[in-house]
Amino acid sequence: MMTVTGEALATLPAGADLSPITVIGTEPIRQSFGGETLTQAINSRRAPGVSRVVLNPDAHVGYGAPVGCVMVSPTHIYPGPVGVDIKCSMSLLQMDLPADAIDALPLRKQIIRAICKRVPTGAGRGQRHAPKSRSIDGKLGFKIATEGASKQVLKKLGIPKSWADACEDAYHTAPDGSSDTLAARLEWMGRTRDKLDRIESKYRQLGSYGGGNHFGEAEVVHVLDSQRAIAEAFGLKDGCVAFLSHCGSRGFGHDLAVAQFRTLKTAFQKQGLAFPAGDPQLVYAPVDSPEGRDYLCDMAMGANFATVNHLLINDLVLEAFREVFPGVRGELVYFISHNIARQEPIDGTVQWVHRKGATRALPAGHPQLVGTRFESTGHPILLPGNPRDGSSVMVAGEGASAAAYSVNHGAGRRLSRTKAKKQLVQHEIDQGLAEHDVVSNCSVYPRDEAPDAYKDFEEVLGSVRKAGLAEEVARLKAKFVIKDGAAADD
DNA sequence: ATGTTC
């Protein structure tokens, strides 16, 4: 049913009166899409107010819409397609440390311990022994949720203020542009002791990774010869250590998202409104309705939390490296989300671009980059692959407009977690990582997070390049991984 | 993703 229009481009019809879904992926990638993934893409395209859907090479089944898709609407907001981990993001910290400085295994173990001491992993885990300067009380947590990475918040947390300039968005406000509106809503949410306690307990998770596919990874930067100028503009240092992080808004964003799913589902049922394709996971609200505005407030607060979480993690990681290498310097290359809805000019009008496991990809000269440090290059795209085969820093070209200025957010799952646990053999995973000189904090590396649980990264990267969306600037090769798993070396 | 599978 797909029509192939290029080596890595196809279209998928969704209805006679609708523009078809844009599909990005080479033949093998297109073959990898399951039926349920395509059904979810079609359901999303046919949902009210949706003007465009793009399916990316990393697509697999998600909540309502596939993970690995872009859903565009001028009028409607879809909480399911933003997802449960509001503003799940990637960040990259470049250090001035030559790669061979972390060759020695005991040294790597030492850095891993220094990081894990400061940045916890695992569901429900947050800061327990944070120094006073880094501890987050209810008052500061409130400020973080409503202001994001404001100058005051960064100063209070001791995070370099220049890092705000390396963020896709350093802060998010209510639809009326005000952080006071967010404050009023958060106060209302915490109106009873019980609810306030629950909210405040999540603030302690700031500066932590969580579980699942979240990770921190020390990388060696390999700049492509043909991309030296752009790499320099990005602040990448060839042959040096960088640190890649994947994390989001933790329990705080989760609670906001889940509460919204429930509220909107109930509202639909009360009004006798039909769910798109009968799927309650595709509940929506017009952006100018009270429900839409409430959702956008909650999304903004989750996003603010995720932003500060990432910046704090990066500063704690840098502190950990300095414990082992005093004086080492680090600069944030970029911080970019893959689970968020943003207002952007698409097809000539400002629309809400829902990126559900998709990364914004603005080329040089895009109106939203004017006045930023990436105006003349396009911004860095951070694409995690896997710790065995590497990750990538890319930059968008003009062709990205064909995909609503988006690319995939990673390799995408090849095996479900259940299948991965059943099919993949533990000692082969461990051996594979060891052969590539990758160590981790896990004594038992999670099988459902193994490199082979994900799609072939080269094929995914090839799809992006062949579709003309973006080019690789640098490859990142892992030296060690921090993930939620059984703790190492006791 | 989430103190984890309404």
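Look at A:ASP58, A:ASP137 and count the other Cβ atoms within 10 Å of each Cβ; fewest to most, that gives A:ASP137, A:ASP58.
A Förster radius of 22 Å, combined with the Cβ-Cβ distance separating A:ALA259 from A:LEU18, puts the computed FRET efficiency at roughly 0.10. With both labels modelled 7 Å from their Cα along Cα-to-Cβ, the A:ALA364 to A:ASP238 distance reads 1.9 nm. In terms of packing, defined here as the mean over residues of other Cβ atoms within 10 angstrom, the peptides A:458-467, A:339-348, A:309-318, A:381-390 line up highest first as A:309-318, A:381-390, A:458-467, A:339-348. With R₀ set to 35 Å, the beta-carbon distance separating A:ALA123 from A:THR372 gives a calculated FRET efficiency near 0.50. Extending 7 Å from Cα along the Cβ direction at A:ALA229 and again at A:ASP103 yields two label points whose distance is 3.4 nm. Label reach from A:ASP165 (point 7 Å along Cα→C-beta): in region A:305-333, amide nitrogens under 16 Å belong to A:330-333. Given in Å, the Rg to one decimal and the Dmax to the nearest whole number for the Cα atoms of region A:3-482 are 21.2, 64. Only helices enter the 222 nm calculation for chain A: every DSSP H run of n ≥ 4 contributes -39,500 (n - 2.57), and dividing by all residues gives -10500 deg cm²/dmol, rounded to 500.
Here the scattering of region A:211-251 is modelled by Debye summation over its C-alpha atoms, one equal scatterer each and no solvent; at q = 0.22, 0.29, 0.33 Å⁻¹ the log10 of I(q)/I(0) is -0.74, -0.95, -1.09. For chain A, the dipole from Cβ point charges (+1 on Lys and Arg, -1 on Asp and Glu) about the Cα centre works out to 1480 debye, to the nearest 20.
Using the Cβ-Cβ distance between A:GLU27 and A:ASP176 with R0 set to 56 Å, the FRET efficiency from 1/(1 + (r/R0)^6) comes to roughly 0.75. Counting only DSSP beta bridges with both residues in region A:3-482, the antiparallel share comes to about 90 percent. Anisotropy class assigned to region A:179-297 is prolate, per the alpha carbon gyration tensor with a/c at or over the 1.5 cut-off and a/b larger than b/c. What does a probe at A:SER289 reach in region A:41-71, counting residues whose amide N is under 16 Å from the point 7 Å along Cα→Cβ? Flagged as within label range: A:47-50. Reported to the nearest whole Å, the Cα centre-to-centre distance from region A:75-113 to region A:269-346 is 15.
Rule-based calculations on the coordinates, nothing more; no lab input. Fair warning: this is a prediction, and the values are worked out from it, not measured in the lab. Heads up, the Cβs are rebuilt from the backbone with ideal geometry, glycines too, and the neighbour counts pull from every protein chain shown.
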